[in-house]
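Where a number appears in this text, it was derived from the coordinates with a stated rule and is not lab data. Remember, predicted model here, so these are calculated numbers, not experimental data. Positions of Cβ are backbone-derived with ideal geometry, glycine not excepted, and every protein chain shown enters the neighbour counts.
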Amino acid sequence: MQDQNECLSNTLKRKLKEFLSQGRNKFYLREFVEEAHITIVEAEDFFLPLLKKNEIEGSLEVRCPSCGASLGTYKKYLDIPEEITCELCGEDFPRSDDFLEIVLEVKGKFFRPQEKPIEPNREKALKIRT
């Protein structure tokens, strides 16, 4: 079971690195789940430790149930107004999990390519030339 979890974790790290290499450092959790072919529970197990380490930042995006327009992004569920009106189509609807998208954004350097340190001898050679 440990090997299976480690294998899944490595697969998800590769998928996340793939997202980043495509310039997708901000994405919907649903999108990641679909592309990685995993369950929402597996995604939560993967992302929760990263959220706690501040490698990833999460937010909630409210979507209109009628036209799908984005109506704002919030850090906390209780920050979302209890009643919402879509500015595009005029639809009124209550705050609900059904109209939310979880948005994740990679903030830390954990998944970003590391810059190669200058070799000590190369650094000396550069100082001598200048």
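Residue order for 8, 104, fewest other beta carbons within 10 angstrom first, comes to 8, 104.
In the structure shown, the pairs 17/76; 15/76; 52/75 are assessed against 24 Å; a Cα-Cα span above that value is assigned to 17/76; 15/76.
Going from the residue with the fewest nearby Cβ atoms within 10 Å to the one with the most, 50, 20 rank 20, 50. Model label points for residue 67 and residue 30, set 7 angstrom from Cα along the Cα-to-Cβ axis, are 1.8 nm apart. Near residue 107, the amide H atoms lying under 5 Å from its own belong to 56, 57; only residues 5 or more places off or on other chains count, and H is placed 1.01 Å from N.
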